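Visitor: Quick one: the structure is below, and I'll ask about it shortly.
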Amino acid sequence: MGAQAAENAPPIGLIAAGGVLPFAVADEIVARGRTPVLFALKGICDPKPLSRFRHHWIGLGQLGNALKLLKAEGCHDLMFIGNLVRPAVSEIRIDWGTLKELPYLWSAFRGGDDHLLVGVGRIFERHGFHMIGVKDVAPNLLVPMGQLTRSRPNDLVSGDIVKGLAVLRAMAPFDVGQAVVVIDGHVVALEDIEGTDGLLARVARLRTDRRIRAAAGRGVLVKAPKAGQDLRYDLPTIGPRTVEGLAAAGLAGVAVAAGLTLLADPQETVSAADRAGVFITGVTA
C-alpha cells in the first residue's frame, strides 16, 4: 500500500487486552502509515501507554458498546491482541448488544481458547467487520527463521526440538496448550491453563524437587500454534519473562514456529537471552 493510500485508509481497531503487545502492534501500524484505535478492556489493558493512541475503554462482555464505538470510529479492520485469562461466563457483565448475541457467545464458550476466539470473531464478522491478524499489520513482530541469539542448540537439543514439534502436532485436535518442554528426549511438561510462565515455573519446581535429574542447560521449550488454528487469533508469544522462566527452569533455550510466533519487546528479549546464555531459534513447524 502506498503512503497516500495508507493515509486515506480507515483506522484499524485493536481490542486490547494485557501486556505490551497491543502497544507494539499499534506502533507498527503507525509506522506503516495507518491509524490504530485501541478499544482497551477495563481492568486488563495497561492504562499508562494508552494515552499515546486514540482509545476507548470497554468492559469485558460489553459487546453492544464496543460495536457502537467501532462503527463511530469508522474501523472496518479489527484484531484481538494481548494477554487475556479466559473469563467465566458468570464474570461477564453483559449489555443489551451482548444479550442479543448470547446463543452465539454460549456456543463459543463451549470449547477451547481457539474455539472461543474464533467464535467471538465470527460475531464481529456478522456485524460487518473484517478480522485480521498480526501478520497483516505488524509482521516485524513475528519471530523469523533461524537463530536470534549467540547461543545455539546442539545436536541433542535439536532432537528435543523435533520431538516437541511432534508432540504439539499430536495435541492439536484437543485445542489445549501451545508449548511443551522436552529434556534429553523425555517429554517432561505440557502447557495447560497456567500458560507458558506457569509451565516453566513448574519445570523449575520439578528441578528443585529433583524430579528432573538432567543437568541445567539441557532441554528445550518448544512453542507453535495448533495445527488447523485460525492464525488471526492467539499466536504463541515469547518475551523477556519467557527468558527469565527458561533460565530458572535450567533449559538450554526455546524453539518457536518461525513466522507464527510473536516476539514481545524483541531487543530486550534477545539481549536478556544472550545475558542468560539461552538460545532463541525460529524453526519450521
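Bear in mind that the values in this text are calculations on the coordinates, not laboratory data. Please read all numbers here as calculations on a predicted model, not as lab measurements. Note: ideal-geometry Cβ built from the backbone for every residue, glycine included; neighbour counts use all protein chains shown.
Visitor: On full extension of the chain, what length is gained from LYS135 through ARG169, given 0.36 nm per residue of separation minus the C-alpha to C-alpha distance?
Guide: 10.1 nm
Visitor: Considering every Cα-Cα pair within segment 142-283, what fraction, in whole percent, is farther apart than 25 Å? Can you show the working numbers first?
Guide: On the way: 1644 of 10011 pairs.
Of all Cα-Cα distances in segment 142-283, 16 percent exceed 25 Å.
Visitor: Stretch ALA248-VAL30 to full length: gain in nm at 0.36 nm per residue minus the Cα-Cα span? Don't jump to the answer; show the numbers that get you there.
Guide: Numbers: separation 218, 0.36 × 218 = 78.48 nm, distance 3.64 nm.
74.8 nm is the gain from fully extending ALA248 to VAL30.
Visitor: Just report the Cα centroid separation between segment 10-25 and segment 40-80, whole Å.
Guide: Here the two parts' Cα centres lie 9 Å apart.
Visitor: Less than 16 Å apart at the alpha-carbon level, and either on another chain or at least 8 residues along: which aspartates and glutamates does that give for LYS48?
Guide: Cross-link targets: ASP27.
Visitor: If I model a spin label at ARG213 and ASP155 as a point 7 Å from the Cα along the Cα→Cβ vector, what separation in nanometres do I get?
Guide: 2.4 nm
Visitor: To continue, here is another question. Give the order of ILE15, ILE193 when sorted by the count of other beta carbons within 10 angstrom, beginning with the fewest.
Guide: Ordered from fewest to most neighbouring Cβ atoms within 10 Å, ILE15, ILE193 come out as ILE193, ILE15.
Visitor: Could you state, as a whole-number percent, how many of the C-alpha pairs of the chain are farther apart than 34 Å? Walk me through the numbers before you get to the answer.
Guide: On the way: 9436 of 40470 pairs.
The calculated P(r) of the chain puts 23 percent of pairs beyond 34 Å.
Visitor: Rounded to the nearest 0.05, what FRET efficiency is calculated for VAL187 and LEU231 with R0 set to 25 Å and r the Cβ-Cβ distance?
Guide: 0.50
Visitor: What ranking do TRP96, TRP57 get, fewest neighbouring Cβ atoms within 10 angstrom at the top?
Guide: Sorted ascending by nearby Cβ count, the order is TRP96, TRP57.
Visitor: In what sequence do CYS45, CYS75 fall when counting other Cβ within 10 Å, fewest first? Write down the numbers at each step before the final one.
Guide: On the way: CYS45 26, CYS75 20.
Fewest-to-most Cβ neighbours within 10 Å comes out as CYS75, CYS45.
Visitor: Right, something else. Projected onto the charge dipole of the chain (+1 at Lys/Arg Cβ, -1 at Asp/Glu Cβ, origin at the Cα centre), which of GLY121, THR269, ILE161 gives the Cα projection farthest towards the positive end?
Guide: ILE161
Visitor: Here's something else I'd like to know. Report, in debye and to the nearest 20, how large the dipole of segment 142-283 comes out about its Cα centre when Lys and Arg carry +1 and Asp and Glu carry -1 on their Cβ. It would help to have the intermediate numbers written out before the result.
Guide: Details: 16 positive and 15 negative charges, 90 e Å.
That gives segment 142-283 a dipole magnitude of about 440 debye.
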